[in-house]
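> Supplied in structure tokens, the structure appears directly below.
The values are calculated or read from the model by the stated rules, or taken from the named source; none is laboratory data. Worth saying up front: this structure is predicted, and the values here are computed from it rather than measured. Cβ sites come from the backbone with ideal geometry, for glycine too, and all protein chains shown count toward neighbours. Calculation scope for accessible area: heavy atoms of the full protein, side chains included, ligands and nucleic acids excluded. Shrake-Rupley method; radii C 1.70, N 1.55, O 1.52, S 1.80 Å.
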Amino acid sequence: MFIVKGHIGSANSPQQEIRRPTARYHRLALIMATVLAALPMFAAEPIAIAKFGWTISADESLEQITVSHDGLGIILRNVQLNLHSGNTLIPARVWTIEKKNGEKQLSVKARNPRMLWSFDLHPDELRISSTSADAVATGQAPAAAQRLVARLLDRQGIPVDWVGTGEVAVTYGGSYTHNPSFLPRRNPECAYFSLGQVSAAGFHSLFDRPADIAIDFAEDATLTRGKQTLDVLDVAIPVPGNTVVRLIPDYFTRILGLPFYVPFDDSHFPAAPMVWSSWTSYYEKVTEQDVVRNTDWIAGHLRPYGFQYVQLDDGYDRGASGQHFWISNWDQQKFPHGPGWLASYIRSKGLRPGIWLVPNSYAGAVTQHPEWYLHYKDGKTVLDYNTPALDSTNPAVLDFLQKEMKTLDDWGFEYFKFDGEHAVPKYVPGVDLDRLYDKSVDPLPAYRNRLSLIRKTIGPDRFIEGDLAGTPLNGIGYINSYFNGHDLYDNWQGMYSFFSSINANGFLNHIVVYTMPGEGMAVEPEVSVEEGATTRNPRVLETEREREFPLTGFGTTLAEARTVVSFAAITGVAYSLASVMPDLPDERVDLLRKTLPTLPIFPIDLFSRGADMDWDKFKHITPDDYIHNYPEILDLKVNAPSGTYDVVAMTNWRSWQETREISFPEKLGLDAGIAYVVFDFWNQQIYGVFKDHLKVDIAPHDTRVFQLHPISNRPQLIGNSRHISGAYSIQSQHWDSVTKMLAGSSQAVPGDSCTLWIYVPEGQIASQVRASTSGNKSVSVEHLQQGNSLSVTFEGQLEPVDWQVSFVDQKQ
């Protein structure tokens, strides 16, 4: 495999005898040039064939080919045909182009070197063949931000099951939602993600978000991001006789099993939400005072780091029999100031209020409007979350839903968690379809019509999280995030539902929806069952008894909490907290601050890794004996002002220490033989310089996070204390080789200490370090160089801090 930019000469190319030009030759050449300059220039028109949506255009004069498709535009341009000889590519010259086979085939005969190429058009396939087994096509693939580098589903890999929860199946006797998926044959233990426009060896496919079409080149093709133009990939396609470029239309629906595909519009929500939920610490016992107390703490401790939402989850409107009324019957004892006041209070603290509800149900009109409701064939009312379920084919019900959502929106709520969110008549067996208001309407279109009405009512800047109760993702296009997993609970075993949800659904994240892995990442310190029974809400203890045996206590070790927040931050999924926040010690708060805010990360792996988590999994097995497909390596590939590098997380899922070794070329797609400087993020230190592989010790349930930068022959920024990505807060940086100065700009949290880590080559030392804000206002800065490691520390300001570090050669 090799990448070629421009033409490469060959020592084996035919050489012509070079003779010294004579004066007569110069005169003739001048005359000929004058004559030619006066004549119009003629170039042969490109020869093109078009079939099955493909268009291949070949230009004899330029000796280049363009490949395009009706659904995608240009796929390859500036394609050159080459012969691989030794370590070089010899461009094929002097083309003769011919159409064949009813304009479904284009042949290119090259005279020097002598070879024949054939381009054959088929539905969703471009077959390329050559008379030489050493043929290589090179060119450029347009790959702007909407056309992502991808690893596609490998149907020859290990089968797994992407399955929803059992909520509809267990509650109503409905069916589970199964979709087959596969772990890849190559590096199944790794999961890959991108921040910015990236590329790496081993990734030979693209996914076009607007079109839902995957472009799959052969496995030995290489795609390398252009350094000058990020929107272009340099492509090299070996053609050992034959190769195929495949298109996979309707990739998410036809291949992965989604019922609908609408590309996620991230103009309103460019990154996944950060939300605190009252659920797993308070459940339905939550009070206004609980919400206010946590809001105050979050506003003071996490809002400066980007945290957004405070969500009231249940406990505010239950009737005597536990039924829900949503906009009426608020509990005045628990919420004495009412919903409008609570939403206003949250907003006054710079946060955004959210609320939980089940739009499928409402208990307030059973007597007045019995025709609003769904019934079983035996006449009983269908219940959703213990509340009578509504008939969405009834226009009066839609009018009520519009009023309900407008009321919540007018109160000031901006985040809505919809539970039990599915087409009830379609997925609940025994619903009497003959009693639907409009029997001519299919329940699924009626459901999407309801969602459309809700979205129009609240507008595009309100966030909707949907819990689909184990049914298909029928709300795509209206729902902003999906929770497709079991509830979390407050200990390490309770976090397996969190990991399972990311494992199963991470491929959806930022493509069609954001992935909500569950409310309540457990980050509080672990305590025993006995201590937890005296300090936790009784419902917390009751939930743990439902989910595991024997009981293992509450909270997490510091290593376990580090794993939880690392997974959330590196995968880019929704960041959901539910602890009693004021009770968190400083070391746990530091974990949160270093992984906030969420960033606009995309999955590279576009397939489910499967799900097999059950509600009571740990009543039957221990984590050490649990065989799962959770990745042992997360690789976030970054291309940002902070540099082009990899953030690599290595997790030990077992309860004993393990030593792991990772191969850079094999597992990360990095160049072999290249030295990389490795920054240990959680320990905030340069770990060393390594070639090809890295060996590390990992404590039980811990995750080590490293940033790998290809080493330069100059000082280079390789990490910071602000964010696990190394990218957030770094707005710019540049190196001046004349003045030997590394300079940049960072947006740190006002009043918070921020440290930059710089790798310094042997023989150089920092001579001067300066920091300032706009207007050249000086900022106090400290630095310390120890060998190759230089730390630069300053306090965050309201505006970006510009920093400059000058270097000189160390005296011998």
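> Take the residues in the stretch 440-464 that are farther than 18 Å from Ala396 by Cα and under 26 Å from the mean Cα position of the chain (by Cα); name whichever of them is surrounded by the most Cβ atoms within 10 Å (Cβ to Cβ). It would help to see each step written out before you state the result.
Here is the first cut: in the stretch 440-464, the ones farther than 18 Å from Ala396 by Cα are 444, 458-464.
Those still in the list that are under 26 Å from the mean Cα position of the chain (by Cα) too: 459-464.
Working: Gly459: 9, Pro460: 12, Asp461: 9, Arg462: 20, Phe463: 24, Ile464: 21.
The extreme case among them is Phe463.
> Which members of the stretch 340-380 meet the condition of being assigned to a loop (DSSP other than H, G, I, E, B), without any contact (Cβ under 8 Å) to a residue 12 or more places away in the chain and of a type in the set (S, T, N, Q)?
Thr367, Gln368
> Quick one: in the stretch 383-418, which of the residues that are of a type in the set (Asp, Glu) and open to solvent by less than 10 Å² (accessible area, probe 1.4 Å) is nearest to Tyr345 (Cα to Cα)? First the steps, then the outcome.
Here is the first cut: in the stretch 383-418, the residues of a type in the set (Asp, Glu) are 384, 391, 399, 404, 409-410, 414.
Among the residues that remain, those that are also open to solvent by less than 10 Å² (accessible area, probe 1.4 Å) are: 384, 391, 404.
Numbers: Asp384: 31, Asp391: 35, Glu404: 21 Å.
Only one residue fits best here, namely Glu404.
> Filtering the stretch 734-750 down to residues that are in contact (Cβ under 8 Å) with a residue 60 or more places away in the chain and open to solvent by 50 Å² or more (accessible area, probe 1.4 Å), which residue is nearest to Pro641 (Cα to Cα)?
My answer is Lys740.
> Let me ask something additional. Let me confirm something: among Ser655, Ser745, which residue is hydroxyl-bearing (Ser, Thr, Tyr) and either under 27 Å from Asp809 (Cβ atoms) or in contact with a strand residue (DSSP E or B) (Cβ under 7 Å, 6 or more places away or on another chain) (or both)? Quick ask: steps written out before the conclusion?
On the way: Ser655 fails: either under 27 Å from Asp809 (Cβ atoms) or in contact with a strand residue (DSSP E or B) (Cβ under 7 Å, 6 or more places away or on another chain) (or both).
Sole residue among the options that is hydroxyl-bearing (Ser, Thr, Tyr) and either under 27 Å from Asp809 (Cβ atoms) or in contact with a strand residue (DSSP E or B) (Cβ under 7 Å, 6 or more places away or on another chain) (or both): Ser745.
> Are there any pairs with C-beta distances below 6 angstrom linking a residue in the stretch 127-156 that is among the β-branched types (Val, Ile, Thr) to a residue that is open to solvent by 30 Å² or more (accessible area, probe 1.4 Å), with the two at least 6 apart or on different chains, and if so which?
Thr131/Leu116; Val136/His84; Val149/Ser199
One line per residue, one yes/no per condition, for (1) open to solvent by less than 10 Å² (accessible area, probe 1.4 Å); (2) in contact with a Ser or Thr (Cβ under 8 Å, 6 or more places away or on another chain); (3) without any contact (Cβ under 8 Å) to a residue 12 or more places away in the chain; (4) of a type in the set (Ser, Thr, Tyr):
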position: His628; (1), (2), (3), (4): no, yes, no, no
position: Lys667; (1), (2), (3), (4): no, no, no, no
position: Asp671; (1), (2), (3), (4): no, no, no, no
position: Val678; (1), (2), (3), (4): yes, no, no, no
position: Phe681; (1), (2), (3), (4): yes, no, no, no
position: Pro700; (1), (2), (3), (4): no, yes, no, no
position: Leu708; (1), (2), (3), (4): yes, no, no, no
position: Pro715; (1), (2), (3), (4): yes, no, no, no
position: Ile724; (1), (2), (3), (4): yes, yes, no, no
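> Hey, another quick one. Looking at the stretch 430-452, which of its residues are part of a loop (DSSP other than H, G, I, E, B) and of a type in the set (D, E, K, R)?
Pass one, the stretch 430-452, residues part of a loop (DSSP other than H, G, I, E, B): 430, 432, 436-442.
Asp432, Asp438, Lys439, Asp442 - these are the residues of the stretch 430-452 that are part of a loop (DSSP other than H, G, I, E, B) and of a type in the set (D, E, K, R).
> Continuing with the same structure: Asn713 passes all but one of (1) in a loop (DSSP other than H, G, I, E, B); (2) modelled with pLDDT of 95 or more; (3) polar (S, T, N, Q); which number fails?
Exception for Asn713: condition (2).
> Specify the residue that is modelled with the lowest pLDDT; the eligible residues are those in the stretch 784-812 that are open to solvent by 90 Å² or more (accessible area, probe 1.4 Å) and assigned to a strand (DSSP E or B).
Checking each candidate, the answer is Asp809.
> Would you point out the residue of the stretch 329-347, among those that are closer than 19 Å to Tyr415 by Cα and open to solvent by 40 Å² or more (accessible area, probe 1.4 Å), that is nearest to the chain's Cα centre (by Cα)?
It comes out as Arg347.
> Still on this structure, I have one more. Any idea which of Tyr176, Tyr172 is of a type in the set (Phe, Trp, Tyr), closer than 17 Å to Ala504 by Cβ and open to solvent by 40 Å² or more (accessible area, probe 1.4 Å)? Let's see the steps before the verdict.
Numbers: Tyr172 fails: closer than 17 Å to Ala504 by Cβ.
Among Tyr176, Tyr172, only Tyr176 is of a type in the set (Phe, Trp, Tyr), closer than 17 Å to Ala504 by Cβ and open to solvent by 40 Å² or more (accessible area, probe 1.4 Å).
> Which residue, of Thr253, Thr229, Thr222, is free of Cβ contacts under 8 Å to residues at least 60 places away in the same chain, of a type outside the set (A, V, I, L, M) and over 29 Å from Ser497 (Cβ atoms)? Break it down into steps so the answer makes sense when it comes.
On the way: Thr253 fails: over 29 Å from Ser497 (Cβ atoms); Thr222 fails: free of Cβ contacts under 8 Å to residues at least 60 places away in the same chain.
When all the criteria are applied, what remains is Thr229.
So that you can scan it fast, the table gives a plain yes or no per residue for (1) within 34 Å of the chain's Cα centre (by Cα); (2) in a strand (DSSP E or B); (3) within 13 Å of Thr243 (Cβ to Cβ); (4) not hydrophobic (A, V, I, L, M, F, W, C):
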position: Val94; (1), (2), (3), (4): no, yes, no, no
position: Gly102; (1), (2), (3), (4): no, no, no, yes
position: Arg111; (1), (2), (3), (4): no, yes, no, yes
position: Phe119; (1), (2), (3), (4): no, yes, yes, no
position: Val136; (1), (2), (3), (4): yes, yes, yes, no
position: Ala144; (1), (2), (3), (4): yes, no, no, no
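> Next up: List the residue pairs whose Cβ atoms are under 6 Å apart, where the first residue sits in the stretch 509-528 and is open to solvent by less than 10 Å² (accessible area, probe 1.4 Å), the second is outside any loop (DSSP other than H, G, I, E, B) and aromatic (Phe, Trp, Tyr), and the two are 6 or more positions apart or on different chains.
From residues that are open to solvent by less than 10 Å² (accessible area, probe 1.4 Å), the pairs are His510/Phe602; Val513/Tyr482; Met516/Phe483; Pro517/Phe498; Gly518/Phe498; Glu519/Trp279.
> Looking only at the stretch 544-594, how many residues end up being in a loop (DSSP other than H, G, I, E, B) and surrounded by fewer than 24 Cβ atoms within 10 Å (Cβ to Cβ)?
Kept after step one, since they are in a loop (DSSP other than H, G, I, E, B), are these residues of the stretch 544-594: 549-553, 557, 572-574, 578-580, 584-585, 594.
Cutting the leftovers down to surrounded by fewer than 24 Cβ atoms within 10 Å (Cβ to Cβ) gives us 549-553, 557, 579-580, 584-585, 594.
Qualifying residue count for the region: 11.
> Just to be sure, is Ser655 open to solvent by 30 Å² or more (accessible area, probe 1.4 Å), among the small types (Gly, Ala, Ser), more than 22 Å from Arg225 (Cβ to Cβ) and assigned to a loop (DSSP other than H, G, I, E, B)?
Values: open to solvent by 30 Å² or more (accessible area, probe 1.4 Å): yes; among the small types (Gly, Ala, Ser): yes; more than 22 Å from Arg225 (Cβ to Cβ): yes; assigned to a loop (DSSP other than H, G, I, E, B): yes.
Spelling it out, Ser655 is indeed open to solvent by 30 Å² or more (accessible area, probe 1.4 Å), among the small types (Gly, Ala, Ser), more than 22 Å from Arg225 (Cβ to Cβ) and assigned to a loop (DSSP other than H, G, I, E, B).
> Let me ask something else about it. I'm trying to understand the selection: among the residues of the stretch 682-710, which are part of a strand (DSSP E or B) and small (Gly, Ala, Ser)? Outline the logic, then answer.
In the first step, residues of the stretch 682-710 are kept if they are part of a strand (DSSP E or B); the result is 685-691, 693-698, 703-710.
Once the filter is applied, which keeps residues that are part of a strand (DSSP E or B) and small (Gly, Ala, Ser), the stretch 682-710 yields only Gly688.
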